[in-house]
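For reference, the structure discussed in these notes is given below.
The values are calculated or read from the model by the stated rules, or taken from the named source; none is laboratory data. Nothing here was measured: the structure is a model prediction, and the numbers come from that model. Quick reminder, even Gly has a Cβ in these numbers, built from the backbone with ideal geometry, and neighbours come from all protein chains shown.
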Ligand code: ATP
Ligand code: MG
């Protein structure tokens with residue numbers, strides 16, 4: 001077994017020593033069989049959350065009602081979930097009546113797709129009740145059991161099918177695909193945070209174009225917040241679109257394809273954080289600048305190291321002919337006279353004091369930015385006296 005499973009193995013052993021059953025389950029087993037880099041290792045067990053808390057020292061009760069806790073082991077965190085059957089998902093978030101059970105077989109039955117319904121014991125032996133391995137080989141996404149019923153129980157699974165197609169490049173089984181089309185209207189009731197999580201993974205998928213063509217074919221795009229009000233934007237997605245790593249990049253992309261799509265509206269409708277909103281706005285501003293002035297020192301400086309890679313992905317998706325490279329942006333950030341606004345040899349208060357008669361207003365921020373840009377571009381020395389001199393000759397407009 002790979003090292004990451006070896007590290008997690010003591011958790012399974014400890015559960016077994018306490019007369020419980022325990023297996024690796026879900027995505028980690030799938031990704032192991034696909035020989036693909038895996039996300040988290042998830043463990044399923046017959047032990048109840050209370051029993052898990054007695055056995056392990058460090059347990060974080062993240063979702064006790066649904067049987068999920070996080071066990072800290074070594075320096076890692078593992079999601080450990082009690083075997084369960086799920087009832088309806090009437091709040092569209094969680095199953096209503098979770099029943100803890102004693103066998104892994106029934107636990108596998110509640111899982112969404114055959115490729116995700118695999119369990120593996122500590123020796124590496126696989127339990128595969130629904131031909132998951134066959135579907136992995138055939139690169140097929142297929143629901144465990146009747147698709148229509150499984151999507152009615154939880155319509156997030158429709159979005160999950162799309163994101164797995166995008167991550168894995170798999171084909172969706174025709175029965176599963178037609179069930180998705182039938183049930184997709186139920187997605188309107190989904191908690192948007194859950195949907196956002198799957199969409200982020202879809203747009204980051206290695207086989208993004210597979211995911212997007214299913215998004216169109218199923219009509220699921222007509223149930224995505226904001227996009228549903230500008231449905232043609234999906235057809236504008238360029239052939240050169242690259243996998244994007246954050247929702248900020250995705251929102252920036254949609255705004256740049258359709259200006260009527262406003263970043264603030266997006267962020268509200270998708271309940272995203274301010275961090276995502278600010279990232280989207282920064283990328284949008286940077287892209288407009290890039291189209292006019294190219295990738296100069298000011299662009300690289302404004303993006304800073306946090307957003308340069310995202311910007312390269314976005315720029316190459318929208319303007320592949322320009323062939324912007326990360327190397328180019330990095331070369332622009334070498335030898336910059338300043339690394340951030342804080343390093344300017346003058347601050348906002350000192351500039352404001354040069355114009356005591358002027359009311360507070362956006363002029364100050366604009367002026368600081370003009371000075372900052374001159375310094376970054378090497379057109380003005382970063383020295384207080386020279387900056388003041390320049391400002392005297394280029395004062396802000398009269399109120
Ligand atoms: P990733 O590598 O992105 O984490 P994953 O397959 O592990 O992919 P998770 O969202 O972490 O996906 O879920 C872990 C497992 O729980 C899945 O493999 C699947 O077996 C099950 N699962 C998750 N969400 C659902 C759902 N909505 N309905 C049914 N089963 C689900
Ligand atoms: Mg996972």
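So if I check each of 151, 113, 83, which one is modelled with pLDDT of 95 or more and within 16 Å of ligand 2 (Cβ to nearest atom)?
Residue meeting the stated conditions: 113.
Just give me the residues in the stretch 46-86 being in contact (Cβ under 8 Å) with a residue 60 or more places away in the chain, in a loop (DSSP other than H, G, I, E, B) and within 15 Å of ligand 1 (Cβ to nearest atom), in sequence order.
83, 86
So how many residues does the stretch 263-320 have that are on the phi > 0 side of the Ramachandran plot and in contact with a helix residue (DSSP H, G or I) (Cβ under 7 Å, 6 or more places away or on another chain)?
Adding up the residues that qualify gives 1.
Please count how many residues of the stretch 7-27 are within 16 Å of ligand 1 (Cβ to nearest atom) and either crowded, with 22+ Cβ neighbours inside 10 Å or part of a loop (DSSP other than H, G, I, E, B) (or both).
Number satisfying all stated conditions: 6.
Test residue 206 against the criterion of being away from ligand 1 (no atom under 13 Å from the Cβ) and surrounded by fewer than 22 Cβ atoms within 10 Å (Cβ to Cβ), and give yes or no.
No, not satisfied.
Tell me, which residue of the stretch 266-300 that is crowded, with 21+ Cβ neighbours inside 10 Å and closer than 20 Å to residue 341 by Cβ is nearest to the chain's Cα centre (by Cα)?
279
Residues to consider are 52, 60, 12; find the one that is more than 15 Å from residue 118 (Cα to Cα), within 24 Å of the chain's Cα centre (by Cα) and more than 16 Å from ligand 2 (Cβ to nearest atom).
Criteria check complete, one pass: 60.
For residues in the stretch 162-182 being away from ligand 2 (no atom under 16 Å from the Cβ) and surrounded by 20 or more Cβ atoms within 10 Å (Cβ to Cβ), which is nearest to residue 199 (Cα to Cα)?
So, considering only residues that are away from ligand 2 (no atom under 16 Å from the Cβ) and surrounded by 20 or more Cβ atoms within 10 Å (Cβ to Cβ), the one nearest to residue 199 (Cα to Cα) is 162.
Checking residue 153 against (1) within 13 Å of ligand 1 (Cβ to nearest atom); (2) within 24 Å of the chain's Cα centre (by Cα): exactly one of these is not met. Which one?
(2)
Could you list, in sequence order, the residues of the stretch 28-40 that are within 8 Å of ligand 2 (Cβ to nearest atom) and touching a strand residue (DSSP E or B) at 6+ places or on another chain (Cβ under 8 Å)?
28, 40
Determine which member of the set 212, 172 is modelled with pLDDT of 95 or more, under 19 Å from residue 154 (Cβ atoms) and not assigned by TED's automatic domain parsing to the domain that holds residue 39.
Of 212, 172, the one residue that is modelled with pLDDT of 95 or more, under 19 Å from residue 154 (Cβ atoms) and not assigned by TED's automatic domain parsing to the domain that holds residue 39 is 172.
Tell me, please, whether a residue that is more than 30 Å from residue 190 (Cα to Cα), more than 16 Å from ligand 1 (Cβ to nearest atom), touching a residue at least 24 places away in the same chain (Cβ under 8 Å) and touching a helix residue (DSSP H, G or I) at 6+ places or on another chain (Cβ under 8 Å) can be found in the stretch 30-37.
no
Just to be sure I understand, how many residues within the stretch 339-364 are in a helix (DSSP H, G or I) and surrounded by 10 or more Cβ atoms within 10 Å (Cβ to Cβ)?
8
Evaluate the following for residue 107: is it assigned to a helix (DSSP H, G or I), in the same structural domain as residue 128 (by TED's automatic domain parsing) and within 12 Å of ligand 1 (Cβ to nearest atom)?
Yes.
Every residue, every condition in (1) closer than 29 Å to residue 243 by Cβ; (2) free of Cβ contacts under 8 Å to residues at least 60 places away in the same chain, yes or no:
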| residue | (1), (2) |
| --- | --- |
| 282 | yes, yes |
| 313 | yes, no |
| 329 | yes, yes |
| 336 | no, yes |
| 339 | no, yes |
| 347 | no, yes |
| 360 | no, yes |
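When you look at residue 89, is it assigned to a loop (DSSP other than H, G, I, E, B) and either surrounded by 16 or more Cβ atoms within 10 Å (Cβ to Cβ) or within 16 Å of ligand 2 (Cβ to nearest atom) (or both), yes or no?
So residue 89 fits the description; yes.
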